[in-house]
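Here's the structure we're looking at; comments come further down.
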Amino acid sequence: MRRSTRSRRPSGNARTKRLLAVGATLAVFGGVVAVTQISSAGDRRSNQQQRPVAAECVAPSPGATAPTARGATTTRTWQNGRWVVNHWGDGQQTVEECQETRNGTDGATAGAFAVACPDVVSRLPQVPDRARAEVDRNLNALQTQITEADTRLAAEGNRGQAFIRNAILNPLASKRRATLDRITIAIDRFGPRPRGLANLATCQVQPVDNNNGGNDGGSDNGGNDNGGDNGGNDGGNNNGGNNGGNNNNGLDVLANNCDNSQLQRHDGFQNGNRCITTAFGEVGAAANNPSLLITDFPQQINRNEGFSIRVSTRNLVRDRFLPAGQGGYYLESSLLNGQGLTRGHFHTACRMLNNTNEAPAPEPVPAFFVATEDGGGGSQPDEVTIQIPGLPDSGTAQCAVWAGDGSHRIPMSERANQTPAFDAVRIEVN
């Protein structure tokens, strides 16, 4: 299952089907995934700032929450010693979460805990094609087990460490041990027997906040507090009038702000026919611009069969995420860290193609979508595994991954001829 970034190939014997371009980002996202539930934590913010909410508390769009996590809109998995945060619906809130925010009882509290288990995918050898379906089913079972344990932790975790160990962690370890044995047997039938998987059965309880990232770290360098100042109406209007002032480089610039636009100003929510005044923000040097690659994926799957996609990023510090569903869309300027690297996150989406001869309609929600941050990433490439519980329809799926800055735009690059930080593959669903 694990493949190096230098020898990226789909799992299976058929030839790789690659996409050469990715369409515009969808305005509304949805999908289903089996991931670890976040019991009592939402997005991370400094000083417990109130999250912006829409005028009314309405139910999220279809697929905007994780069903296996019982309506959670933010979920996490424990990978490589850190939390990988998955945002459903790009930060949409359930009605209950919205009402809690309005009432000043936001569920995102400091000191929250969740169940953290060792990452199994990174410890697997090359999974034989004939074993992949069974292995992926059991990987999804492991995620479901964590979700169930996390749900109980949220409900009864205040009963003390002994209770957590005896009533939650020990039963979870037993279930995981049995599931890991099934994975070992499945691979052993067709390839080298994996070693040491039983050692990954024991889980622990960890604080949900990574110490090295998240929105807390982002706010110090231009987050929600500074985003409006750095890139709001002021930033847009200071660049000159609609003709670009006196600095057009001799070009016929139609507009560089919203002064003469007839459209309503964009307010950070996911609405079209608006004019956005947020300044583009900071762009790094060419050698520091983000890049991204899908390093492992299956080429063929069955309907509703779980699978995983492995993603490698470079020069993307995954520590900024303003929830689009809560008013953080296109709200913040792009920002670099002290090393000149873009701060943001990345998205993963799969949509079914009606045919492969023409561009698909852009407005339907995809079959799967999630936005991921984990406080990781840097100048050296690293990897994150996205678990997908399955796609419901037969046909050709386009699964795409693309980087986003704090407000969900594909990061800028120094030169026009640099490839953006995106990748996409086609997967046949039988």
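Structure notes:
- For residue 249 and residue 356, the difference between the fully extended length at 0.36 nm per residue and the C-alpha to C-alpha distance is 34.4 nm.
- Filtered trypsin sites (Lys or Arg not before Pro), the stretch 376-430: DSSP coil and at most 10 other beta carbons within 10 Å: 415
- Per-peptide packing, taken as the mean over residues of other Cβ atoms within 10 Å, places 255-262, 278-285 in the sequence 278-285, 255-262 from highest down.
- Solvent-accessible heavy-atom area per residue, rounded to whole Å², over the stretch 252-393 at 1.4 Å: 40
- Packing-based ranking, highest mean first, of 296-302, 167-173 given that Cβ atoms within 10 Å are counted: 296-302, 167-173
- Taking label points 7 Å from Cα along the Cα-to-Cβ direction, residue 181 and residue 265 give a separation of 6.4 nm.
- Residues whose amide H lies under 5 Å from that of residue 378, counting only those 5 or more places away or on a different chain, are 315, 316; hydrogens are built 1.01 Å from N in the peptide plane.
The values are calculated or read from the model by the stated rules, or taken from the named source; none is laboratory data. As the structure is a prediction and not an experimental result, all values here were calculated from the model. Here Cβ is always computed from backbone atoms with ideal geometry, including for glycine, and neighbour counts include all displayed protein chains. Note: areas computed on protein heavy atoms with side chains; ligands, DNA, RNA excluded. Shrake-Rupley method; radii C 1.70, N 1.55, O 1.52, S 1.80 Å.
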